[in-house]
Amino acid sequence: MATERPSSFELAKGINGLDKIVLRQSRFRSAEVYLYGGHVTSWKNENGEELLYLSSKAIFKPPKPIRGGIPLCFPQFSNLGTLESHGFARNRIWEVDASPPPLPTYSSPNAFVDLILRPTEDDLKTWPHNFEFRMRVDLGSEGELTLTSRIRNTNADGKPFTFTFAYHTYFSVSDISEVRVEGLETLDYLDNLKNRERFTEQGDAITFESEIDKIYLSTPTKIAILDHEKKRTFVVRKDGLADAVVWNPWDKKSKTISDLGDEDYKHMLCVEAAAVERPITLKPGEEWKGRLELSAVPSSYSSGQLDPKKVLQ
């Protein structure tokens, strides 16, 4: 299987008999990736706590995508194009990539797996482009989770192609009303609830009291999600992904989503590293790389508020 360190992952059977990869760093630190969708469904810390949110009604049955965890949106984000919403990568069967091109090696003994997706004949009918989508899922020695995606244009006809992309991450939170997001203040965003009209963020942090679906533009490489009740901060670091989508469906919308529980919105928040506003174009032979690193750290208090300065600096 993996040539670099065959023992860095184990293949197991998941829900409904679907194949999944299990990465372990210690007794409790782990991550799980389903080959269906190349989909990370679990990321646990040293206490065995689940850090990603999986819908209480998630359907592990192709061709329905899995609701929760980290769905991959490729080659189209949302309905910004002619394909099914969020593209097809999240409901295809990926393969373990036995001979991936080299990525930087780490001094610490990380657990990782390399996956690859190539288009099916049906994919080529709806999106007529040959590509190789390689992704490494890496669980670091401190429990950080890194997804590195490399997409290459392998068209033989000399044609370029263009795509949009997102890591649609669902974070597990204590209570959405206790959460704030820092690092996106003063930025422009497109509001999906208002026909993608452009606005500028006014608050000093993003807090949640109603449905939100915004694409923040030209965002920093680091964003913090502060969970007041759990005294935990998620740190999102990203490269090659200029945008950040913030989504929570709230109560009314949740009831219209068949594979999401009515109360699930209270305990989840999507903050997605994305490339939406400026689609990526690749000529034949060219490769794009997009990287997401997630870590969870204890939040420290300062005058009754969580102090993100220690995180964002």
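The values are calculated or read from the model by the stated rules, or taken from the named source; none is laboratory data. Source: prediction; values computed, not measured. Note that we place each Cβ from the backbone using ideal geometry, even for glycine, and neighbour counts take in every protein chain shown. Areas reflect the complete protein model, heavy atoms only, side chains present, ligands, DNA and RNA absent. Shrake-Rupley method; radii C 1.70, N 1.55, O 1.52, S 1.80 Å.
Summary table below
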| read-out | value |
| --- | --- |
| Residue in segment 188-198 that is of a type in the set (A, V, I, L, M, F, W, C) and within 30 Å of L282 (Cα to Cα) present | yes |
| Flag if H86 is open to solvent by 10 Å² or more (accessible area, probe 1.4 Å), in contact with an Asp or Glu (Cβ under 9 Å, 6 or more places away or on another chain), over 21 Å from Q25 (Cβ atoms) and not aliphatic (A, V, I, L, M) | no |
| Options K214, K253: the member that is touching a residue at least 24 places away in the same chain (Cβ under 8 Å) and open to solvent by 40 Å² or more (accessible area, probe 1.4 Å) | K253 |
| Yes/no for R24 being open to solvent by 30 Å² or more (accessible area, probe 1.4 Å), within 20 Å of W127 (Cα to Cα), of a type outside the set (A, V, I, L, M, F, W, C) and in contact with a Ser or Thr (Cβ under 8 Å, 6 or more places away or on another chain) | no |
| Any hit, segment 44-67, residues being assigned to a loop (DSSP other than H, G, I, E, B), over 24 Å from V297 (Cα atoms), open to solvent by 10 Å² or more (accessible area, probe 1.4 Å) and among the hydroxyl-bearing types (S, T, Y) | yes |
| Residues that are open to solvent by 60 Å² or more (accessible area, probe 1.4 Å), modelled with pLDDT of 55 or more and not in a strand (DSSP E or B), drawn from segment 280-308 | K283, E286 |
| Segments classed as strands (runs of 3 or more DSSP E), wholly inside segment 78-157, with at least 3 members that are more than 19 Å from L11 (Cα to Cα) and modelled with pLDDT of 95 or more | 131-139, 145-153 |
| E201 vs. criteria farther than 28 Å from N45 by Cβ and surrounded by 14 or more Cβ atoms within 10 Å (Cβ to Cβ) | yes |
| Residue that is most open to solvent (accessible area, probe 1.4 Å) [pool: residues in segment 179-198 that are at positive phi and free of Cβ contacts under 8 Å to residues at least 24 places away in the same chain] | N195 |
| T162 vs. criteria assigned to a loop (DSSP other than H, G, I, E, B), open to solvent by 60 Å² or more (accessible area, probe 1.4 Å) and of a type outside the set (D, E, K, R) | no |
| Residues of segment 8-42 that turn out to be touching a residue at least 24 places away in the same chain (Cβ under 8 Å), outside any strand (DSSP E or B) and more than 17 Å from L117 (Cβ to Cβ), as a count | 7 |
